[in-house]
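Below is one structure, written out as structure tokens, with a few remarks after it.
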Amino acid sequence: MTVQALDRELDRLEGLWSDGLSDTYRAYLDSVGQFDAETQPKLALAAALIEVGVRLQGLGGRAAPPTTLLVGDLCLARGSRLLADSAPLAVQVAFARAIESLSSAAAADQPAPAARQLLQASLGAVR
């Protein structure tokens, strides 16, 4: 990937920040207080990116256009990377199960559970 292409993708995420990603991030900050101060913003951002990524994917609704799907994929990938780098294994597994639950509901044409509630619960997962 060229530097210019990478910059375009980062610009798209910056646009998402002003389009609600920042509010979603702030909503998750209240759910990460049990983690150390350095980890809290990373986990809140991971949760926000995953919630926005799921929304952009159009799970449970109309299929998203290809460019929106790619931005959703980027959000999911970055959120997953942040979780892999920062979250305990139990939290990583809980996030995977939450995403699986949202995806399987969409695949079965069933109402999807509330993404934010699932992801906030995932942040509290312990083994």
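The values are calculated or read from the model by the stated rules, or taken from the named source; none is laboratory data. Computed from a predicted structure; not experimentally measured. All Cβ positions, glycine included, derive from the backbone under ideal geometry; neighbour counts span all protein chains shown. Side chains included, ligands, DNA and RNA excluded: accessible areas come from the protein's heavy atoms. Shrake-Rupley method; radii C 1.70, N 1.55, O 1.52, S 1.80 Å.
Scanning region 37-56 for residues that are open to solvent by 40 Å² or more (accessible area, probe 1.4 Å), in contact with a Gly (Cβ under 8 Å, 6 or more places away or on another chain) and without any contact (Cβ under 8 Å) to a residue 40 or more places away in the chain gives GLN40, LEU45. Among the residues making up region 76-97, those that are under 11 Å from LEU123 (Cβ atoms) and touching a residue at least 40 places away in the same chain (Cβ under 8 Å) are LEU83, ALA87, VAL91, PHE95. The residues of region 89-127 that are exposed (fewer than 15 other Cβ atoms within 10 Å of the Cβ), of a type in the set (Ser, Thr, Tyr) and at pLDDT below 90 amount to a single one, SER104.
Of the candidates VAL93, VAL54, the single residue that is assigned to a helix (DSSP H, G or I), of a type in the set (Val, Ile, Thr) and out of contact with any Leu (no Cβ under 8 Å at 6 or more places or on another chain) is VAL93. Selection of region 57-87 for residues being open to solvent by 50 Å² or more (accessible area, probe 1.4 Å) and either of a type outside the set (D, E, K, R) or in contact with a strand residue (DSSP E or B) (Cβ under 9 Å, 6 or more places away or on another chain) (or both) yields LEU59, GLY60, GLY61, ALA63, PRO65, PRO66, THR67, LEU69, LEU70, ALA77, SER80, ALA84. Select from region 1-51 the residues that are among the hydroxyl-bearing types (Ser, Thr, Tyr), part of a loop (DSSP other than H, G, I, E, B) and modelled with pLDDT of 85 or more and list them in ascending order. Correct list: SER31, THR39.
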